[in-house]
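As structure tokens, the structure follows; a few thoughts come after it.
Where a number appears in this text, it was derived from the coordinates with a stated rule and is not lab data. Keep in mind that what you see is a predicted model, and the values were worked out from it rather than measured. Don't worry about glycine lacking a Cβ; one is built from the backbone with ideal geometry, like all the others, and counts go over all protein chains shown.
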Amino acid sequence: MNIDFKFLEPYLIYIVFSFVGLLILYIRSYTQESAKISVLKRKNKELVEETEQIKKEHQLDITKRKYQYESKKEQYLNYFKLIDQFTKEANKKTQEKLMPILDEFNKNYLNAASQNNKRKENNAVTVMSKKIQKLTFDANEDLIRIKQETNTIRLIASEDILEKLDLMEFAYDNNMEKANKMMSDLPKLMLSNNQAKMKQNQDDIEISSSVINKIKSDIIILMRKELNEI
């Protein structure tokens, strides 16, 4: 028995074309999805690389800020250590060196006065004046060290701190000027026993010292603020 399949040919052609159409649609869909996946992979890789770069930059920024903080903190601490040392040593030197000078003057002058020896009296005054000049010269040398350290701080300090440092330097110069005046006036004031003038000179120095302490406190506050903002 022979079966004629010719009547199936249209259907077979339809099936074949349908299959080819589905295959094309599948390939097109696969290609599109593959492209999307490729784009997603590329974007994901870019995001990962960008994230890693941000992490590195953030870590670098943290390291940089930490270095800046530690470096500034060390220099600020050294600055105030030097100021405290300068104040402490200046007071100590003045007490240790001035008192023997005054004791020597009193001894020599009273001895000369008891002998009514004007030459020795004048010599006692001259010796005391020269030793006091040496004492003030040494104090000026110590002040120069403070100014040199201040110049180092100026390289890293903010504008607000720079303004206060200028005031501090002016206050130190003013204080030293008053101290020098007190020292230079001391011989003649002692000879005339002018207690009022000596007290006035002392009060002037104490006032200028309180100004220095106020500026110093302001600088400390500004330096703490600056370090906290790093």
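Computed quantities for the displayed model
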{"quantity": "Efficiency of FRET from Cβ geometry, D138 and A113, R₀ 41 Å, rounded to 0.05", "calculated": "0.85"}
{"quantity": "Calculated log₁₀ intensity ratio I(q)/I(0) where the Debye formula runs over C-alpha points of segment 177-228, q = 0.13, 0.18, 0.21, 0.24 Å⁻¹", "calculated": "-0.46, -0.63, -0.73, -0.84"}
{"quantity": "Entries of K92/K164; K107/K216; K92/K181 with Cα pairs more than 30 Å apart", "calculated": "K107/K216"}
{"quantity": "Zone residues, segment 156-172, relative to K214, backbone N less than 20 Å from point 7 Å out along Cα-to-Cβ", "calculated": "160-172"}
{"quantity": "Whole-Hz couplings from phi, Karplus 6.51/-1.76/1.60, listed for segment 164-176; x for Gly and Pro", "calculated": "5, 5, 4, 5, 4, 5, 5, 5, 5, 4, 5, 5, 5"}
{"quantity": "Distance in nm between pseudo-label sites at E49 and E206 (7 Å out along the Cβ direction from Cα)", "calculated": "7.4 nm"}
{"quantity": "Cα lying deepest toward the dipole's positive end in segment 73-228, options A113, M99, M182, charges on Cβ", "calculated": "A113"}
{"quantity": "Dipole moment magnitude, nearest 20 debye, segment 73-228 about Cα centre, only Lys, Arg, Asp, Glu C-beta charged", "calculated": "740 debye"}
{"quantity": "Debye log10 I(q)/I(0) for segment 73-228, one point scatterer per Cα, at q = 0.15 Å⁻¹", "calculated": "-0.83"}
